[in-house]
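The values are calculated or read from the model by the stated rules, or taken from the named source; none is laboratory data. Keep in mind that this is a model prediction, so the values were computed, not measured. As a convention, Cβ positions derive from the backbone with ideal geometry for all residues, glycine included, and neighbour counts pool all protein chains shown. With ligands, DNA and RNA removed, areas are computed over all heavy atoms of the protein, side chains included. Shrake-Rupley method; radii C 1.70, N 1.55, O 1.52, S 1.80 Å.
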Amino acid sequence: MKNILARGGIEFLAVLLGITGSLWIDDWSKGRSDIQQEYEAYSRLSEALEQDIINIEEQLVRNDQMVRMINIMVNDIESVPLDSLSYYIDLTQGYVTVEPQFSNYEALKNTGRLYKISDFDLLQKIIDLYDKKYGELDRLMVEDKRAIFMQDEFFIQNYAMKPASEWTTLKDIKSDHIRIKSDLVYMNYLVFMYKVKMQINDRWTKLINEIQIVKNEIDVKIKNRNR
């Protein structure tokens with residue numbers, strides 16, 4: 001009887017150890033998979049953020065050029081030569097456009113892989129960046145386009161226009177340059193555009209810094225794993 005019980009006890013223990021071992025292996029395997037998915041998320045986000053920084057910086061260069069031109073036209077338009085005025089009018093009708101790399105973030109979020117990130121502070125920073133701070137891009141692009149479209153409507157109603165290298169310019173710059181230089185309504189549109197574009201320079205520069213901070217933290221995670 002004792003032998004039977006002993007044998008039964010050994011069999012039970014073997015089954016228990018087998019189940020425990022199987023569960024441990026499953027947990028270990030899942031843990032490895034979660035870690036792999038976490039670092040895949042880091043890699044994809046780092047690449048996307050790097051491209052966003054490049055794209056925003058390129059648009060800021062373009063925007064800053066327009067800011068300088070508008071500033072001259074508002075404060076010292078008399079100094080703008082006739083042959084340059086046509087170019088200034090054309091260039092200052094341009095608006096900035098940035099298309100953030102949202103696809104990686106959205107894919108990671110929708111598949112649940114974003115939430116494999118175990119550093120909850122960093123995860124919250126990533127979510128805040130994409131879901132809140134990136135809103136500055138869209139908001140100011142809308143404002144920029146609205147300012148440009150308002151000016152375009154003004155030109156359509158008051159001046160003869162012609163196609164130019166970027167957008168449009170005065171059709172007869174020789175006859176209209178004196179009029180437009182003293183056109184107070186046009187100057188008001190330029191002032192409004194100047195304000196919007198200055199906000200873009202300020203807010204987008206801060207956004208680049210915020211993106212870089214998050215990217216740096218992600219890159220530290222990747223670097224530490226690769227050591």
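General observations
- For region 65-79, 3J(HN,Hα) per residue [Karplus equation, 6.51 cos²θ - 1.76 cosθ + 1.60, θ = phi - 60°, Hz, x = Gly/Pro]: 4, 5, 4, 5, 5, 5, 4, 5, 5, 6, 9, 8, 5, 5, 7
- For Gln101, the residues whose modelled amide H falls within less than 5 Å of its own, excluding neighbours fewer than 5 places apart on the same chain, are Asp52.
- With Cα atoms defining each centre, region 36-74 and region 159-182 are spaced 32 Å apart in the structure.
- Extension reserve of the Ile35-Thr205 stretch, reckoned as 0.36 nm per residue once the Cα distance is removed: 57.8 nm
- Along the axis of the charge dipole computed for region 90-140 (Cβ charges of +1 for Lys and Arg, -1 for Asp and Glu, origin at the Cα centre), the listed residues Leu114, Phe102, Ile127 are led at the positive end by Leu114.
- Student exercise, region 72-207 dipole from Lys, Arg, Asp, Glu Cβ charges, in Debye to nearest 20: 320 debye
- Karplus-derived HN-Hα couplings along region 194-205 (A = 6.51, B = -1.76, C = 1.60, θ = phi - 60°), whole Hz, x at Gly and Pro: 4, 5, 4, 5, 5, 5, 4, 4, 6, 5, 6, 5
- Within the accessible area of region 151-227, the carbon and sulfur atoms contribute 54%, probe 1.4 Å, all protein chains present.
- Scoring 75-83, 193-201 by mean Cβ neighbours within 10 Å over their residues and listing the highest first yields 193-201, 75-83.
- Straightening the chain between Thr111 and Glu50 buys 19.7 nm, computed as 0.36 nm per residue apart minus the Cα-Cα spacing.
- Among Glu57, Glu136, the order of accessible area from largest down is Glu57, Glu136, computed with a 1.4 Å probe on protein heavy atoms.
- Annotation: amide H-H contacts under 5 Å for Met161 (H modelled 1.01 Å from N, sequence separation of 5 or more, or interchain): Lys171.
- Among the listed pairs Lys145/Lys206; Lys132/Lys215; Lys132/Lys206, those whose Cα-Cα separation exceeds 18 Å are Lys145/Lys206.
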